[in-house]
Protein chains: 2
Amino acid sequence: MSTESLFKALADPNRRKILRLLKKTSLSAGEIADHFTITRASMSHHFNVLKSADLIRSNRHGQNIVYSLNVSVFEDLAAIMFDLFKPSLKGENSNED
Amino acid sequence: MSTESLFKALADPNRRKILRLLKKTSLSAGEIADHFTITRASMSHHFNVLKSADLIRSNRHGQNIVYSLNVSVFEDLAAIMFDLFKPSLKGENSNED
DNA sequence: TAGATAGTTTGATAAATATCTAATTATCTA
DNA sequence: TAGATAATTAGATATTTATCAAACTATCTA
């Protein structure tokens, strides 16, 4: 279910924009929301999807919830991509679904 | 729309399995379908999604339609991933959506 | 402690998607 | 050319998803 949730999370332009914003620095939910026109409820939904895919982490700081990018997923994604595209060797089999 | 269709195409386990099958060698629609339990109509739908994302190519050989992996998308995907995760430099901006 | 502020959760709805069966198209061969 | 085979397209349905408004939770501060 992890590869599944990862690609589904990445398959939405708003969520990719969130990730790009978090590349520079961690940001609170409100700071992120300021870059979008959809409601904060909808933003929360996207935060949840990204968290479920382990693409972001959250920490409360007082009234704010601060989100940060989990860069370690980058490695996972790379591995998945190799699994999908790399010419396979004799007897090699995939773990992924 | 291209990044969009790419991730959406990859967000389905049946479609990822199709790509993995095509890593080794090109295969006809029927040969691919033999590895699945869903109907051939459903398989055709998945082929269409993968073709729209430019992940596979198709060529008719007599009665068969032979599908092959388009490995050049691997590079596109790598670029998109860097855009999403790589720490950005001063004044740098993304082209993606 | 009573607002005010930041954010999430709930419930509803419209749009997208995966699947199926049935019908259609393209090609081969007897 | 008629039937058989390979595959796709069309139409229908159930599930998932993105979004919103409203209600709720957590924290701060006067």
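For B:LEU84, the requirement of being in contact with a strand residue (DSSP E or B) (Cβ under 8 Å, 6 or more places away or on another chain) and within 12 Å of another protein chain (Cβ to nearest Cβ) is not met. Scanning segment A:8-25 for residues being open to solvent by 40 Å² or more (accessible area, probe 1.4 Å), in a loop (DSSP other than H, G, I, E, B) and in contact (Cβ under 8 Å) with a residue 24 or more places away in the chain gives a total of 0. For segment A:44-84: of the residues being free of Cβ contacts under 8 Å to residues at least 24 places away in the same chain and within 12 Å of DNA strand D (Cβ to nearest atom), which is nearest to B:LEU84 (Cα to Cα)? The residue in question is A:ASN48.
Between B:SER28, B:SER5, the distinction of being within 11 Å of DNA strand D (Cβ to nearest atom), in contact (Cβ under 8 Å) with a residue 12 or more places away in the chain, polar (S, T, N, Q) and surrounded by 16 or more Cβ atoms within 10 Å (Cβ to Cβ) belongs to B:SER28 only. Kindly evaluate B:SER52 against the criterion of being open to solvent by less than 50 Å² (accessible area, probe 1.4 Å) and closer than 22 Å to A:ASP97 by Cα. When the stated conditions are applied, B:SER52 does not pass them. In this structure, A:VAL66 does satisfy being outside any helix (DSSP H, G or I) and away from chain B (no Cβ under 12 Å).
The values are calculated or read from the model by the stated rules, or taken from the named source; none is laboratory data. Because the structure is a prediction, the values reported are computed rather than measured. No Cβ is skipped: glycine too gets one built from the backbone with ideal geometry, and neighbour counts run over all protein chains shown. Side chains are part of the model used for accessible areas, which takes the heavy atoms of the whole protein and leaves out ligands, DNA and RNA. Shrake-Rupley method; radii C 1.70, N 1.55, O 1.52, S 1.80 Å.
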